[in-house]
1. If Lys63, Lys2, Lys80 are ordered by their accessible area, calculated over protein heavy atoms with a 1.4 Å probe, which sequence runs from highest to lowest?
2. For every helix of n ≥ 4 consecutive DSSP H residues, a contribution of -39,500 (n - 2.57) applies; sum these over the chain, divide by its total residues, and give [θ] at 222 nm rounded to the nearest 500 deg cm²/dmol.
3. Once you list every other residue whose beta carbon is under 13 Å from the beta carbon of Leu66, what net charge do they have if Lys and Arg are +1 and Asp and Glu are -1?
4. State the answer as a single residue: which of Gln29, Gly135, Phe167 lies farthest towards the positive end of the charge dipole of the chain, with beta carbon charges of +1 for Lys and Arg and -1 for Asp and Glu, about the Cα centre.
5. For the chain, modelled as a Gaussian network with Cα springs under 10 Å, which listed residue fluctuates most, Ala125, Ala65, Ala28?
6. Quote the charge dipole size of the chain about the Cα centre in Debye, to the nearest 20; the model charges only the Cβ of Lys and Arg (+1) and of Asp and Glu (-1).
7. With only alpha-carbon pairs counted, each pair once and no self-pairs, how large is the Kirkwood hydrodynamic radius of region 1-154 in angstroms?
8. Among residues other than Asn81 whose Cβ falls under 11 Å from its Cβ, what is the net charge (Lys/Arg +1, Asp/Glu -1)?
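The values are calculated or read from the model by the stated rules, or taken from the named source; none is laboratory data. What you are looking at is a predicted structure, and each value in this text was computed from that prediction instead of being measured. Note that each Cβ is placed from the backbone with ideal geometry, even for glycine, and that neighbours are counted across all protein chains shown. Ligands, DNA and RNA are excluded from the accessible area calculation, which covers all protein heavy atoms including side chains. Shrake-Rupley method; radii C 1.70, N 1.55, O 1.52, S 1.80 Å.
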Amino acid sequence: MKLIHAIHRCDVFMFIWFMNRKHLELCAQCSRWISRTGDGFLYALLGLYWFASGDDLNLALLKSALLAFAVERPLYFIVKNGLRRDRPAAAIRDYRSFIIPSDRFSFPSGHTSGAFLMATVVANAHPAWSPALYGWAAAVGLSRIFLGVHFPTDVLVGLAMGTTVAFLSLGVFLT
């Protein structure tokens, strides 16, 4: 229990450090846009493209992504609602986030998990795109912190969850 308390204190410290930056309003504006790219509509468009292309590799990527989300979304929901970690606005006195989150709890970050899941699936087929894909996924995760709806460890666990589940699903369809 002491370890969890120490991690939480470190998380709050890092979160407050992020929130005290002078350029916060500009970060918040950029973060809103970046965060929206992780809402899921781009994943659906990419899936439709993969399906419409009829290409064997694209169909394998579609199957991998669908399997990964079929595993990741329930896992995310169980962890989030099982651990019930309050979001920063509920955990830190007199703090207000820049946006209203879609649900009550913060751990793990679903936007980050989904972004890293898709980045991993696409990067597997297009390794040259890896820096851009993982850079985008990291930006989605950071945007969730800058918007004030996640602590840093929420994002780190989302990264680990999305990447791990994606690699497992890729192993099913691309081996």
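1. Lys2, Lys63, Lys80
2. Calculated mean residue ellipticity at 222 nm is -25000 deg cm²/dmol.
3. Local net charge: +1.
4. Working it through, the farthest residue towards the positive pole turns out to be Gln29.
5. Ranking Ala125, Ala65, Ala28 by mean-square fluctuation puts Ala125 first.
6. 680
7. Radius from the Kirkwood sum: 16.7 Å.
8. Combined, the nearby Lys, Arg, Asp and Glu give +3.
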